Amino acid sequence: MNKRTDDRTKKQKKTHTVLVTATDRFLSVWGPCLTGRSKCAWACRPEDAGRVFDWVSRRSEMKFVRKNTSGKWYPKAVHVHIYCVEAGHPALAVAVSV
């Protein structure tokens, strides 16, 4: 069974247009994901994309980190979760690498 969850509201889908995507190494071998991958994304505003990308890249359980600006993301995975990065999210406290 494939499960897709998107935490964004309709309004946020228009403002949080960049997805920083990754494969979750931990969840991809646990529970309902034993038969496939667990993919996740953090939806953010374009001006926050660099900080969110750096934050996700530094997480040891995340691999294949990518930035998606196409507005379309339909990964082949049994579990997909899109989180929404708002003010106060830890990713926004990260300095952007140059």
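Rule-based calculations on the coordinates, nothing more; no lab input. Note that the structure is predicted; figures quoted are calculated from it, not measured. Neighbour counts are summed over all protein chains in view; Cβ atoms, including those assigned to glycine, are modelled from backbone coordinates with ideal geometry.
Remarks
- The reciprocal of the average 1/r between distinct C-alpha atoms defines the Kirkwood hydrodynamic radius, which for region 3-93 equals 13.2 Å.
- Inter-label distance, nm, simple model (7 Å from Cα along the C-beta direction), Lys72/Ala87: 3.5 nm
- Sequence-distant lysines (8 or more away, or on other chains) whose Cα lies within less than 19 Å of Lys39: Lys3, Lys13, Lys63, Lys67, Lys72, Lys76
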